[in-house]
Amino acid sequence: MLAGDDQNQMKNYSVIPIDPNASLFQDSSVAQIHSTENLPKEILDDFIQTQRPVGLLAQKKKYSGVVVSANGASVELEIEARPHFSRDENILIIFDHPALKPFRVMQTQFVRKSFGWFRFEGRDPRLDYRYELRTEIKVSLFQIPDSVLGFLVGRRLNILREIISTQEDNPTFCGCFDYIGPNSENSNNGGDDFSIHPVHGEIMTQEPKVSILKNISLGGIGILIPESAPPMPKGSAFFFELRLPTSVAKINIGLRILGIVRHSRPSPQEMTEINVAWARRLSDNILVNNLRTLVPIH
């Protein structure tokens, strides 16, 4: 276990939301795209020319829209409901067409509204620069049961994130640690009544699956599992725990982050590569600013 598991040491934590649409990606009938170029041209033309409606999901609310124009990752929609979107929220555009199996979901963010049209830009959770480290780093995976993930998505449980900065008691260590906590009014930023839910301990005492770090970014992680078959389904959630030693960083960095599996694919030497999106992006001062040997592979 990494530092940060003693709740008496908690000094700087905040409640982080889980994407309420995270469970959608568990459905095998859903395929995620990051650009309208991933749609067959004749199907995209059909959406535009016949005004076939697309669906939208934003903060658990459903809307219907019509594609006015689409250019790669940019989509303009006409939405009758005239909703209000904030620029940082995650909005899903659903392209459901009789000729599309599985149907396609595009993760986007709102850009602007003009002439009654809403413009969205595709958002790739692994769009950040990915870094490969020049040494082998082991990553431990602690699986979060689907039922617990459902409670997190429904905000019946909270994810609490602790940030340990170098300006505190130990100037040679920093870290970012996620915990499962109860959904209570006391779980506020920096509150004194922090508590860890018993399910967190149950998860962290299980035998972890061990993998090898392939790459890491502010938005997610890539790992290699020494198995040729995908060992975990899309949409499953884990705590990903690793330590970046001073051989690759200016100081010791400890990480235990909740991530959701986006997809997997075969890798050479009978291994499987798993791509993961963090529940909430990391900050530069924890990761990038402290790394020593970086190889950007964006």
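The values are calculated or read from the model by the stated rules, or taken from the named source; none is laboratory data. Small disclaimer: the values here were computed from a predicted structure and weren't measured. Every residue, glycine as well, gets a Cβ built from its backbone with ideal geometry; the counts of neighbours run over all protein chains shown.
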Yes or no: segment 233-254 includes at least one residue that is polar (S, T, N, Q), over 26 Å from SER165 (Cα atoms), modelled with pLDDT under 90 and assigned to a strand (DSSP E or B). no
Would you confirm whether or not segment 127-135 contains a residue that is in the same structural domain as ALA279 (by TED's automatic domain parsing), in contact with a Phe, Trp or Tyr (Cβ under 7 Å, 6 or more places away or on another chain) and among the charged types (D, E, K, R)? no
